[in-house]
Amino acid sequence: MKHLAACLALLALTPAALAQDGPPGAPRGGGVRLGSLANPSAAIAAEIAFARLAQEKGQWTAFKATSAEDAVMFTPRMVLAQTWLKDRANPPAGLNWQPHEVWSSCDGSLMVTHGAWQNGAKHGWFTTVWQRQEKGGYKWVLDHGDETREAIEAPDMLSARVAECPERRAGPRPGPGAKPRKPAKPPKAPPVPFDPAHREGRSNDGSLTWSVNVSPDGARSFVARMASDGEVRDVRNERVTGTGAGG
């Protein structure tokens, strides 16, 4: 109940009320900071809906329904989620999980969630990368985790951090009566060939990135990095052994 209250409290916050890394004011060099479009509560809502779907419709059904076309997961080797999940039977009892932390890019196009899972007597942690879709909403593009000896206690409050917004050079001012231009849509990236040893991604504005490297035995390392205080810093740096529980 305490954890549910924390989730609801975060969902009630507006984007402007959430913490943003980086100093206020204009950047050096005469550029202009882009305004934040981040909404970390959307990732929390996506996680809650994902977990609820797993309980109502089945674990793998939920994973398939909420994953992007090119999403990856680990078995423990990296696999394309949609291919691996196709026609896979749901386990009798699905996982339960709760998000504890979320990191968002400035533009809200990419978010990373981290939290705890439980499955009977087993428990552990998970990290999920969420990407905003062209038609709205979020789908996950990477999901992984591992088992822990001790259960992970839920925090009193969820943590949400927003990346420092990138600098944009100021262009010429529009003339009188000119209509404001809509921001240009980033070109659609070509499909990334599947490499079972490496995968990476970034937000549209580059303020949040992630990468994963997988060894032949299934051991993997995952890193998420975020713009903060004029630097790019690790916000998640996770290693899972080849005998880990996987995603």
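The values are calculated or read from the model by the stated rules, or taken from the named source; none is laboratory data. Just so it is clear, the structure is predicted and the values come from calculations on it, not from any experiment. Every residue, glycine among them, receives a Cβ derived from its backbone with ideal geometry; neighbour counts consider all protein chains shown.
Inspect all residues belonging to the stretch 98-115 and state whether any of them is free of Cβ contacts under 8 Å to residues at least 40 places away in the same chain and surrounded by fewer than 23 Cβ atoms within 10 Å (Cβ to Cβ). Working first, answer last.
From the stretch 98-115, those free of Cβ contacts under 8 Å to residues at least 40 places away in the same chain are none; that's our starting set.
There is no residue in the stretch 98-115 that is free of Cβ contacts under 8 Å to residues at least 40 places away in the same chain and surrounded by fewer than 23 Cβ atoms within 10 Å (Cβ to Cβ).
Results for (1) buried (at least 18 other Cβ atoms within 10 Å of the Cβ); (2) at pLDDT below 95, shown as yes or no for each residue.
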site: G145; (1), (2): yes, no
site: G171; (1), (2): no, yes
site: P180; (1), (2): no, yes
site: P183; (1), (2): no, yes
site: P193; (1), (2): no, yes
site: R199; (1), (2): yes, no
site: G206; (1), (2): no, no
site: W210; (1), (2): yes, no
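Pick from the stretch 54-76 the residues that are within 15 Å of the chain's Cα centre (by Cα) and of a type outside the set (A, V, I, L, M, F, W, C): which of them is surrounded by the fewest Cβ atoms within 10 Å (Cβ to Cβ)? Before you say what the answer is, go through the steps one by one.
Step one: list which residues in the stretch 54-76 are within 15 Å of the chain's Cα centre (by Cα), which gives 63, 66-68, 70-73.
Filter once more, so that each one left must be of a type outside the set (A, V, I, L, M, F, W, C): 66-67, 70.
On the way: T66: 23, S67: 22, D70: 17.
By that ranking, first place goes to D70.
Considering each of V129, V112 in turn, give the residue that is closer than 25 Å to P196 by Cα and in contact with a helix residue (DSSP H, G or I) (Cβ under 9 Å, 6 or more places away or on another chain).
Values: V129 fails: in contact with a helix residue (DSSP H, G or I) (Cβ under 9 Å, 6 or more places away or on another chain).
Among V129, V112, only V112 is closer than 25 Å to P196 by Cα and in contact with a helix residue (DSSP H, G or I) (Cβ under 9 Å, 6 or more places away or on another chain).
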Pairs returned, first residue in the stretch 128-152 that is farther than 9 Å from A68 by Cβ, second residue that is at pLDDT 95 or above and part of a loop (DSSP other than H, G, I, E, B), beta-carbon separation under 7 angstrom, 6 or more apart or interchain, are R132/G108; R132/S109
